[in-house]
Amino acid sequence: MTTDSAGMTVGGPARPGQVVVGRYELRSLLGRGGMGAVWLAWDQALERLVAMKEIPLWPYGERAEVQRQRALREARSLAQVAHPSIVVVHDVFEADGRPWIVMAHVEGVSLEDQIKEGVLAERTAASVARDVLGGLTAAHAVGVVHRDVKPANILISRAGKVVLVDFGIAQISGTSGLTARSRLLGTPEFMAPERIKGEAASAASDLWSLGVTLFWAVEGRSPFRRGNEHATMLAVISDDPEPTRPGPLSRVVTGLLEKDPARRMTAENADAILRTILNGPTPRTAPAPGRGAAAEPPRKPPASAPARDARREDAGVRAPERSAGRERADTPSPEPARAPGRTPGGRPGGAPCGGPPERGHAGGLRGGSPSVTPSGVSQGAATVETIRRVSPAEGARLLLAQPRQAAASLLDALDPAAAGALLDAMAGEPSAAATVLALMGTAKAGRAVDHMAATGAAAVLRAMPTGRGTLVMAGVADRSAAAILTALGPTTTAVRLVESMTTRRAWRVLDNVPPAVIAALLRATADGRADRLLSGLSPAVRRQITE
């Protein structure tokens, strides 16, 4: 047994054969993730099999009491929803200092396992999706958002009953935010773009996750999974995968994967199309891979330039864990730049950046008609030569007047020192500067930030999507990184940047950060490395932190 900083007991790991609270005998481990372990257990009192979720209380990050409250919230979330496609909660209690949740045991397989056996026929996928949609609609009606809809959390019983499980990170409307601010909870490839940008989860976010699940079920591949967590998050924000199997179901998938939650297909509209599929004639479908005739290999959507850069970037970035669940609560991230002539949904039409032109510095129009700077240079015709011959302040105004991708391309073509000076001048509009920086090549972006003032770099990194910010920071020299962390202070952005570093790099960087800031950052980390990071710092720094 150990205790956390508040004196809360944290029990040792459970084991098969253990009898919890004198009633539930643990039989076997069904699954384990960032939010706990699920056991198959025998209820000795009622003589039935149950599923028991063991909630770990970590000694780092949130206080144990906050973690306990989240577990109780999960049980209340489930108890509020009465629907055949929502798992039933039987009991909730504490044992060995940890919360346990007792649920009905569903004998069957997960949708994830079923997809591994072969893609689903259109009508089968529509049936599963409609059952899950019904459960989500019931949950949303009482203010409960699941936040982790994915194939692994959808169980199909032997009788064909579809059940949505694992509300461990569910959010009830009106409750306080109990989730650690530095933790992004959920599975990135199934998370809606607005959640990755730091916005609150909503019913529309669950519908997006259902769209990703449905895509995977009929295509046999995840539409956004990439080589690492950061690249995956970039793909969610920037890529538009297209279903390869045309038909009514593809309309549902495309509608649910609308990146703008205000334009996303509603549950009512999705249900109407799914009902039509189920009530209509049996659709013709291609044979599943591995069954019957050979199927054409699934086509992968082309990766965006930032995603390709992210996959190539390995300069000191700590490899993310598969189910790292974290919630970021920094300044909402900017909308990524879009190609001119495409709406937020990626379809032709609309303003260059998905909306009407915005007014920038000196009355210039971003994406609108060319205007003239005090130097007489046309803002609508910026080139590398133009940017080089004006001051950083005027160059920043020229760049802010360009479409974001064009501005990023111009900065990519400059030497790092010049790009850093221009980004410093753009830092007065951190959201705009962050968008441009995110669209640059990762290595060049890191070198440019290395030439920025620490305060300017901190302001821009705070406004960036967290995953992209950690990739950029990997290209920044250690002393510059230390200055940026100092400027950021003990904020969630700084915590995420430290957590993304390899242990050795974190030692090098933190050794140049004021001890008071180091102490605050280590207290806020949630990756379990606080003691190890502290032990690797120089004796003088450790002494100042621990005294």
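A short reminder: the numbers here are calculations on the coordinates, not readings from a lab. What you are looking at is a predicted structure, and each value in this text was computed from that prediction instead of being measured. Cβ atoms come from the backbone with ideal geometry, glycine included; neighbour counts cover every protein chain shown.
A straight chain from Gln44 to Val142 at 0.36 nm per residue would run longer than the Cα-Cα distance by 31.9 nm.
Going by neighbour counts of Cβ atoms within 10 Å, the residues Glu199, Glu194 line up, fewest first, as Glu199, Glu194. Compared with the alpha-carbon gap, the fully stretched path from Thr266 to Thr383 is longer by 37.7 nm at 0.36 nm per residue. The modelled label-to-label distance for the pair Asp91/Arg32, using points 7 Å beyond Cα in the direction of Cβ, is 2.4 nm. Using only alpha carbons, the stretch 477-547 has a radius of gyration to Kirkwood radius ratio (Rg to Rh) of 0.90. Taking θ as phi - 60°, what are the ³J(HN,Hα) couplings along the stretch 486-492 by the Karplus curve (6.51, -1.76, 1.60), each to the nearest whole Hz, with x for Gly and Pro? Coupling constants for the stretch 486-492: 5, 5, 5, x, x, 9, 5 Hz.
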